[in-house]
Amino acid sequence: MTFDFTHAVAVPFRMQPGLRKLAAGSPQLTPTAPGSAHLLAKRQVLQTDWAHALLCAPGFDATPALTALAAHAAREHPRAWAVAANGDWHAPALGLRVGPDGDCHGDALLSALPAPWRRAALLALAFEEDFAIVDGAGATLPWLAVCLPSHWRPTDKIGRHFSEIHAPVADNALLQAAGPRLFKLVCGPDTWERFVWNVSRYRTLDAHPDRVHAPPWPADAPAHAWWRTERQTFIPLPHLQQAVFTIRVQTQPLADALATPAQAQRLHDAIASMSPAVLAYRSLAAPRNALLAWLAERAAAA
């Protein structure tokens, strides 16, 4: 897990941007391996529901941003990604290649997609991250390639303004106030990252609410709880007033995620400080007491 527990699990808990600068040269992408959980999950979504994962606002041209993303990937992971002299995009470890016009050979999944989406799909398969393009001028998300959303629908976000995107978020005053400055910041010259976490009933990487349905929390909630995290980064494209937003989802059993009693105590205190609105938004109202009791026991077991 790449999740930074100390930085991300704040006490008291607040819905806030939580951005921090990335050191120069810090990797932002994670190549997928053949047979990996991320690759299998993304292939499943692209095979059965690609139209709800690959989205573009009318009239928006994603080509410059995607070209920059492909070049960034080739610099960061030359063994996992290459841009050929003829314009082909190549994922050597996966044996996949797509040309500038969307021509591809040897992969039935990519061939079944509309030609304009095949290069974006190849990027989605080659890396564990999902991608979105942030438009700083309009404070919108005009393009998405999101196969593994965490309890939200990409179709609800495409082309929307920042304030609309975050309107459903509980206790969102800090987020909404930071919106205009945040979009200008991530589309500037610096590189940023943030972390998001939740205790979830979903063990699957794909948690699209229309594709995956979790049962109600059982009485022994901690035994069935999963630690779901996201590392989010922004690849700045200041010449376009845009940024590529990357989202890497990871899941593991909650019991395995807590390495020390101090982490259990910190998570206990964060959940204990959540407002009723936040608990409801994060589906933690029902298991709250059971989780707090279990975390208190873990914290005491030094």
Please verify whether segment 101-108 includes one or more residues that are surrounded by fewer than 21 Cβ atoms within 10 Å (Cβ to Cβ) and closer than 12 Å to residue 54 by Cβ. no
Out of (1) in contact (Cβ under 8 Å) with a residue 40 or more places away in the chain; (2) more than 29 Å from residue 124 (Cβ to Cβ), the odd one out for residue 264 is which? (1)
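Applying the selection to segment 3-36, what residues are small (Gly, Ala, Ser) and either over 20 Å from residue 268 (Cα atoms) or in contact with an Asp or Glu (Cβ under 7 Å, 6 or more places away or on another chain) (or both)? It would help to see each step written out before you state the result.
Filtering segment 3-36 for residues small (Gly, Ala, Ser) gives 8, 10, 18, 23-26, 33, 35-36.
Hits for segment 3-36 are 23, 24, 25, 26, 33, 35, 36.
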(1) under 18 Å from residue 134 (Cα atoms); (2) modelled with pLDDT of 95 or more; (3) not hydroxyl-bearing (Ser, Thr, Tyr) all hold for residue 165 apart from (2)
Suppose we keep only residues that are surrounded by fewer than 22 Cβ atoms within 10 Å (Cβ to Cβ) and without any contact (Cβ under 8 Å) to a residue 60 or more places away in the chain within segment 133-159. Which one would you say is nearest to residue 210 (Cα to Cα)? 152
Restricting to segment 203-215, name every residue that is farther than 14 Å from residue 42 by Cβ and either among the acidic types (Asp, Glu) or crowded, with 20+ Cβ neighbours inside 10 Å (or both). 210
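The values are calculated or read from the model by the stated rules, or taken from the named source; none is laboratory data. Because the structure is a prediction, the values reported are computed rather than measured. Don't worry about glycine lacking a Cβ; one is built from the backbone with ideal geometry, like all the others, and counts go over all protein chains shown.
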